[in-house]
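Take a look at the structure below.
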Amino acid sequence: MKIYIAYTGGTIGMVPSSQGLVPDAAFADHLSEHLNVADEWQHDVVIQSYAELIDSSNATPRDWQTIALDIQSKWHEFDAFIVLHGTDTMAYTAAALSFMFEQSAKPIIVTGSQVPMYKARTDAMNNVLGAISACESIARGVFLFFAGRLIEGDCAHKAHTSDWQAFQSPNRAERGVLGIDWQWREGQVTDAPCVIRIPEMASGVVTLLPVFPGVQAEHWRGLLNESVQGAVLLSYGAGNAPDKDAELLSVLQQASERGVVIVNVSQCDAGSVVAGAYAAGSALVNAGVISGQAMTYEAAFAKLHFLIGLGLNTAEIKAEF
């Protein structure tokens, strides 16, 4: 198997400096040395470090596009792809890639580590080797692999800052769990054709709207500026927000009327938005807000960028949710 590993940045390849941890320019060589230690190694692996490494806390939608274009440029040369990425925004990138490589005909695995590879107690090689094992075992699809869990790319959520198991799949069982051997979730095998669409990804076209006790219309007005075309509403419980504040609801309705697609996603770690189950949720529906159902906010945020980038109109975007 010929595997392409892209080091885009992140903790996995960082080393100490006087300013704190910084990306290691020689990381690709160090990783290659680690992989070549195993005598049973039979894969042809190409490791490339990006010229401009991405600190994942600085990642933008345009970086998702850059990674996707890199994979696309090597699509016919390699059998599988691994993207090494910082954990802070890894779930966003995995989701974006899952939309851009719909029904991917080859495995694309996003991974990284909680602790840099240079340290003795690190999860780096376990995650890299686990991702490679996933490539060997999975014929197609976009996934995030971390601490033995293989998660669908559009289902991953970063749930812990300091545990080895940093990511969860809140609303869908993991595709696989890696112990000594893989344990697989039975799923529907699809032969749907792979569709690769990599649109322009502009920053600033999608925003997050937090719901919190005492939220005011002025809080949301600044976020729903004229450049915004999509928003993810982080609601309470099954999709609720204050319904007694007419001005607050008016902000949502006015944005909806000018074409902003507002997707309702629960703040809860698991469960689904049930539009209209409560009066507080019905008020959102009346204001033009649509349900994100059981999507993570990372996936909803990435999907809005993707659909807007494709140039779809408001009705077409809403239909995709």
Ser137 versus Glu320: modelled label distance in nm, points set 7 Å from Cα along the beta carbon direction: 3.2 nm
Between 0 and 90°, nearest 10: helix 61-73 axis offset from the chain longest Cα axis: 40 degrees
Carbon/sulfur fraction of accessible area - the range 167-207, other protein chains in place, 1.4 Å, %: 47 percent
Estimated Rh, the chain: Kirkwood, alpha-carbon pairs, angstrom: 20.5 Å
Global geometry of the range 126-197, whether rounded, prolate or oblate, following the gyration tensor of its Cα atoms and the 1.5 cut on a/c: prolate
Net length gained if the chain between Asn36 and Asn313 were fully extended (0.36 nm per residue, minus Cα distance): 94.7 nm
5 angstrom amide H check on Val110, placed H, neighbours 5+ away: Val83, Phe143, Leu144, Phe145
Gain on full stretching of the segment that runs from Ala51 to Leu223 - 0.36 nm per residue minus C-alpha separation: 58.6 nm
Solvent-accessible heavy-atom area per residue, rounded to whole Å², over the chain at 1.4 Å: 45 Å²
Added length on full extension, which subtracts the Cα-Cα distance from 0.36 nm per residue, Gln216 to Arg62: 52.3 nm
Computed [θ] at 222 nm, helices only, for the chain once each DSSP H run of length n ≥ 4 contributes -39500 (n - 2.57): -8500 deg cm²/dmol
Bins of 10 Å from zero: percent of alpha-carbon pairs in the range 153-274: 11, 29, 30, 21, 8, 1
Fraction of accessible area attributable to carbon and sulfur, the range 51-100 (%, probe 1.4 Å): 43 percent
Share, in percent, of DSSP beta bridges within the chain that are antiparallel, nearest 5: 35 percent
Other-chain or far-sequence residues with amide H under 5 Å of Gly176's (modelled H): Leu150, Arg185
Cα→Cβ-extended label distance, 7 Å offset, between Cys268 and Glu77, nm: 4.7 nm
Solvent exposure ordering (accessible area, 1.4 Å, most first) of Cys194, Cys135, Cys268: Cys268, Cys194, Cys135
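The values are calculated or read from the model by the stated rules, or taken from the named source; none is laboratory data. Nothing here was measured: the structure is a model prediction, and the numbers come from that model. Don't worry about glycine lacking a Cβ; one is built from the backbone with ideal geometry, like all the others, and counts go over all protein chains shown. Surface areas here come from the heavy atoms of the whole protein model, side chains and all, with no ligands, DNA or RNA. Shrake-Rupley method; radii C 1.70, N 1.55, O 1.52, S 1.80 Å.
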